[in-house]
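The values are calculated or read from the model by the stated rules, or taken from the named source; none is laboratory data. The shown structure was predicted, so the numbers you read here are calculated from the model rather than taken from an experiment. Virtual Cβ from ideal backbone geometry, glycine too; neighbours counted across all protein chains shown. Heavy atoms of the whole protein, side chains included, go into the accessibility calculation; ligands, DNA and RNA do not. Shrake-Rupley method; radii C 1.70, N 1.55, O 1.52, S 1.80 Å.
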Amino acid sequence: MDIHFILIIKEEEMKNYKHFILGFVTATFLSAAVIGVSASGLVKDITAKISYEIKTVLDGEEFSPKDTDGTELEPIIYNGRTYLPVRSLCDALGVSVGWENDTKSIILSTQPNNNNEDTIVTINGENKITLGEINLYLGQIKNQYESYFGPNVWEQTTEDGQSVEQVAKDNAISAAQSSNLIGLIAKQKGIKLTDEQQKGIDSQVNSFMSALQKESTGKSGITQEIVKKTMENQELYKLLYNKEMKDYTVDEEKLNAILDQNVQYKRYQENGYEYYAKKVRARHILIKTVDDSNQPLSEDKKVEAKKEAEKILVKAKAGEDFAALAKEYSQDPGSKDNGGEYTFARGEMISEFEEAAFNLKPGEISKVVETGYGYHIIKLEEVIEPTEEDIKAIKDKEANIKAQAIEQLKLQAFNKKVEEWQADYKIEINDEIWKNVKISEFEF
């Protein structure tokens, strides 16, 4: 019996699918069934019949599905069902299919986002980095920049006159290149992920995709495969780094040069551990000279703020309850409700505030102290002498600074190795596409 699968696609229907995002799924064709696939209001009818052979007809002409390397794809028969690679059909039609893991849904989109599948970078002419992959980095950078500097950051320029947007784009494409390059180098050196590591990555990928807004994946081209590839490369980086640097020997001269530049480390050396382990318990009243966005008030308002602080100081010096005054007048939301109280050691507060507090005697009230936040009135409640645990904590901080300096030297040595390895790889960037990408318009 010679029975065929036949996929019938009408020419007018094909036009409706011109701008889909590419993806990969396998579709199960059931016996003598008509399957409706919904895509934003469009319905595709697929007619199927049982067969051990598949013939695909597109606009009346038969064609054979091809894999990405050009080889002909054969249908897979498993457990009485036939699986046909749909991506090849989608490629022929300009149709894309996406997979949403949290809802276990096949997502078809009519959004014109073909650019997300464009190759932006190639390594050795074979390994491709698409815009969708770079968008993973662009989205994270965009969120970071806007959280720190506000949504208008893309209108700004750096000190050397370069646009912030260009800096962000350079960082994104550099990160994507480095990630892929390290992955290739690690594999070339025989480094592989264990089953346990792969399971951990799969779990992280699922969590990441679930956290992404559903509409973001379609617009950005960030797929589960892209996220998985990126996380695998991150793990390969750690494995390669550990392998290459396991016998690293510290250059003491270089280490001391880094430590000499660290102000906190030098202070520990000069002043001793007890100096920084000692704490004070103090109360303060703040009259702010900045608004809720930490922008400076006008000079007139600053003058008013200082007059207000001086009036409160008179009340405090006259013996009024300091905690009650703090609750009534202080504009510091972090301490107002508990009477303005803080307990802290040196190095934990803004310098002017800290110096004034440590120079007071228990029960003494400071004059008006100005900091970048405003005008403070400080009362020292008590000096807390350091315990052995407090001193150990300072020693641990010192040791951590030294460990970070050693890690910095190791990273420099590793990066030098990477630069040498990189000489064996040819990296090409598709400037024609990349120059038109606007991070300010990117939605993540």
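In sequence order, what are the phi-derived ³J(HN,Hα) couplings for region 121-131 according to the Karplus relation 6.51 cos²θ - 1.76 cosθ + 1.60 with θ = phi - 60°, rounded to whole Hz, with x for glycine and proline?
Karplus values, whole Hz, x for Gly and Pro: 10, 10, 10, 6, x, 10, 7, 10, 10, 8, 4.
Using a 1.4 angstrom probe with every protein chain in place, what is the largest-first accessible-area order of THR158, THR249, THR122? Intermediate results must be reported in sequence, preceding the final value.
On the way: THR158 50, THR249 110, THR122 30 Å².
Listed by decreasing accessible area, they come as THR249, THR158, THR122.
Given 0.36 nm per residue, what is the gain on full extension from ASN359 to ALA403 after removing their alpha carbon distance, in nm?
Details: separation 44, 0.36 × 44 = 15.84 nm, distance 3.30 nm.
Extra length available between ASN359 and ALA403 comes to 12.5 nm.
Want the number for VAL250 to ALA323: 0.36 nm per residue separation, take away the alpha-carbon distance, what's left?
Working: separation 73, 0.36 × 73 = 26.28 nm, distance 5.26 nm.
Full extension of this stretch gives 21.0 nm more.
Students sometimes get this wrong: rank SER330, SER207 by accessible area, probe 1.4 Å, all chains present, largest first. Walk me through the numbers before you get to the answer.
Values: SER330 5, SER207 75 Å².
Final ranking, largest accessible area leading: SER207, SER330.
Consider a paramagnetic label point 7 Å from the Cα of LYS306 along Cα→Cβ; state which residues of region 361-376 have an amide N under 16 Å from it.
Correct set: 367-376.
Beyond 19 Å between alpha-carbons counts as too far, so tell me which of LYS278/LYS402; LYS327/LYS379; LYS128/LYS243; LYS266/LYS379; LYS142/LYS169; LYS317/LYS367 fall in that bin. Walk me through the numbers before you get to the answer.
Working: LYS278/LYS402 22 Å; LYS327/LYS379 14 Å; LYS128/LYS243 26 Å; LYS266/LYS379 30 Å; LYS142/LYS169 10 Å; LYS317/LYS367 10 Å.
The answer is LYS278/LYS402; LYS128/LYS243; LYS266/LYS379.
How large is the convex hull of the C-alpha atoms of region 185-321 per residue, in Å³? Could you put the intermediate results ahead of the total?
On the way: hull volume 45.1 nm³, N = 137.
Measuring per residue, one finds 329 Å³ for the Cα hull of region 185-321.
Computed FRET efficiency, Cβ-Cβ of GLU388 and SER203, R0 51 Å: what is it to the nearest 0.05? Please list the in-between numbers first.
Working: r = 42 Å, r/R0 = 0.81.
Efficiency for this residue pair is about 0.75.
How big is the equivalent ellipsoid of region 147-210 along its three axes, where each semi-axis is √(5λ) from the Cα gyration tensor, reported in whole Å from largest to smallest? Write down the numbers at each step before the final one.
Values: eigenvalues 241, 69, 8 Å².
Each semi-axis is √(5λ); the values are 35, 19, 6 Å.
What translational diffusion coefficient, to the nearest whole µm²/s, does region 320-444 have by Stokes-Einstein, given a Kirkwood radius computed over alpha-carbon pairs, a temperature of 37 °C and 0.692 mPa s viscosity? List each step's numbers first, then the result.
On the way: Rh = 20.3 Å.
Calculated translational D: 162 µm²/s.
Can you tell me what the convex hull of the Cα atoms of region 250-378 projects to on average, as an area in nm²?
On the way: hull surface 40.9 nm².
If I average the Cα hull's projected area over directions, I get 10.2 nm².
How high is the relative contact order of region 296-444, given as a whole-number percent (alpha carbon pairs under 8 Å, six or more residues apart)?
RCO, region 296-444: 14 percent.
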